[in-house]
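The values are calculated or read from the model by the stated rules, or taken from the named source; none is laboratory data. Keep in mind it's a predicted model, so treat the numbers as computed, not measured. When we count neighbours, we look across all protein chains shown, and the Cβ atoms used for this are built from the backbone with ideal geometry, even at glycine.
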Amino acid sequence: MYNYQAEYKALVIGLEILKDMGAKYVTVSGDSQLVLRQMSGEYKCSSLFVRLSAHNYSSNLILWAIS
């Protein structure tokens, strides 16, 4: 597994936990520009896992904080 794959999976697992806990809004920030920008939809991505994850969480649940 590559580092970026582990970062995607960790983000998705964290979002699943927050969703299960009933979180209404989440601000996501991190140091991986690629992961955050692909998940937020700013960058295109060919990975089916990332596209499905981004679609699943890019609703009103997440406020992306990319710096």
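Examine segment 44-55 for a residue that is of a type in the set (Ser, Thr, Tyr), part of a loop (DSSP other than H, G, I, E, B) and modelled with pLDDT of 80 or more, and state whether such a residue exists.
Looking for residues that are of a type in the set (Ser, Thr, Tyr), part of a loop (DSSP other than H, G, I, E, B) and modelled with pLDDT of 80 or more, one finds none in segment 44-55, hence no.
When residues of segment 4-29 are filtered for being among the charged types (D, E, K, R), over 16 Å from residue 47 (Cβ atoms) and touching a residue at least 12 places away in the same chain (Cβ under 8 Å), how many remain?
2
Six or more apart or on different chains, Cβ atoms under 9 Å: show the pairs whose first residue is in segment 33-57 and at positive phi and whose second is at pLDDT below 70 and outside any loop (DSSP other than H, G, I, E, B).
Hits for this filter: 41/54; 41/55; 41/64.
Residue by residue through segment 14-27, note down the ones that are out of contact with any helix residue (DSSP H, G or I) (no Cβ under 7 Å at 6 or more places or on another chain) and closer than 20 Å to residue 3 by Cβ.
14
Please find, within segment 1-41, the residue that is modelled with the highest pLDDT out of those that are surrounded by fewer than 13 Cβ atoms within 10 Å (Cβ to Cβ) and part of a loop (DSSP other than H, G, I, E, B).
21
Answer yes or no as to whether residue 62 is surrounded by fewer than 15 Cβ atoms within 10 Å (Cβ to Cβ) and either in contact with a strand residue (DSSP E or B) (Cβ under 9 Å, 6 or more places away or on another chain) or modelled with pLDDT of 80 or more (or both).
Judged against the criteria, residue 62 is not a match.
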